[in-house]
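Engineer: Pasting in a structure now, in structure tokens, and then I'll have a few things to ask.
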Amino acid sequence: MLDLEREILSDALRRLYEAQAEGKISEAEREKLAASYKARMMSIKESISKDETIVALHDLEDMQEDLMKLFSERFGELNSKVEELRTKIDVKPIREIPVKLPTQTPVSQIEKMEEEEEEEAAEEKQKKKRKPPEEKPDAKTEAEKRIESIRSEVEKVLDKLGQMEIES
């Protein structure tokens with residue numbers, strides 16, 4: 001509707017310029033008549049711009065929701081595969097990975113995980129001070145390598161989601 005009104009106003013302004021060119025009205029008369037049309041044209045352009053922004057926001061929110069659903073589905077699949085592998089080889093998790101609660105954002109999850117990692121690092125540092133260093137095997141098992149790669153992928157996705165949330 002706004003586009004139609006803008007076209008009508010454009011035609012009216014064009015017609016005023018034509019009338020001046022034909023000598024039917026003077027430049028001052030044209031400016032006097034065109035002032036109200038120009039003012040209305042500006043308000044219509046602002047309304048169109050605002051409406052386009054609202055539509056873009058709605059589209060982005062839909063995309064954000066779809067992305068969160070996709071992430072949740074993929075994370076669920078990943079989690080079930082990890083649990084399945086753990087049960088097959090009877091391995092307990094090294095640490096618990098928090099699952100997103102409805103009130104938590106991916107950014108808060110990342111911060112929480114970083115805090116937990118820092119606490120664990122501090123605890124390990126104190127344990128090392130108490131005990132003499134033990135020899136660690138150089139080669140990691142295939143499962144540990146896979147778990148680390150999955151963890152890094154999840155952290156990358158959470159980082160991206162956090163960035164998208166910040167940009168929105």
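Engineer: Regarding L33, is this residue part of a helix (DSSP H, G or I), more than 27 Å from M1 (Cβ to Cβ) and touching a residue at least 12 places away in the same chain (Cβ under 8 Å)?
Structural biologist: Taking the combined requirement at face value, the residue does not satisfy it.
Engineer: Within region 57-91, which residues are β-branched (V, I, T) and in a helix (DSSP H, G or I)?
Structural biologist: V82, T87, I89
Engineer: Being of a type outside the set (K, R), touching a Lys or Arg at 6+ places or on another chain (Cβ under 9 Å) and closer than 15 Å to M42 by Cβ is the filter here; which residues of region 3-16 pass it?
Structural biologist: E5, L9, L13
Engineer: Among the residues of region 40-84, which ones are hydroxyl-bearing (S, T, Y) and without any contact (Cβ under 8 Å) to a residue 24 or more places away in the chain?
Structural biologist: Correct list: S43, S49, T53, S80.
Engineer: Can you name the residue in region 6-27 that is surrounded by 15 or more Cβ atoms within 10 Å (Cβ to Cβ) and within 30 Å of E52 (Cα to Cα) and is also nearest to the chain's Cα centre (by Cα) among such residues?
Structural biologist: Among those residues, the one meeting the criterion is R6.
Engineer: Could I ask something else about it? What residue, among those in region 28-56 that are of a type in the set (A, V, I, L, M, F, W, C) and surrounded by 12 or more Cβ atoms within 10 Å (Cβ to Cβ), is nearest to the chain's Cα centre (by Cα)?
Structural biologist: Per the criteria, the residue is I48.
Laboratory data are not the source of any read-out in this text; all were calculated from the coordinates shown. None of these values were measured; they are calculated from a predicted model. Note that each Cβ is placed from the backbone with ideal geometry, even for glycine, and that neighbours are counted across all protein chains shown.
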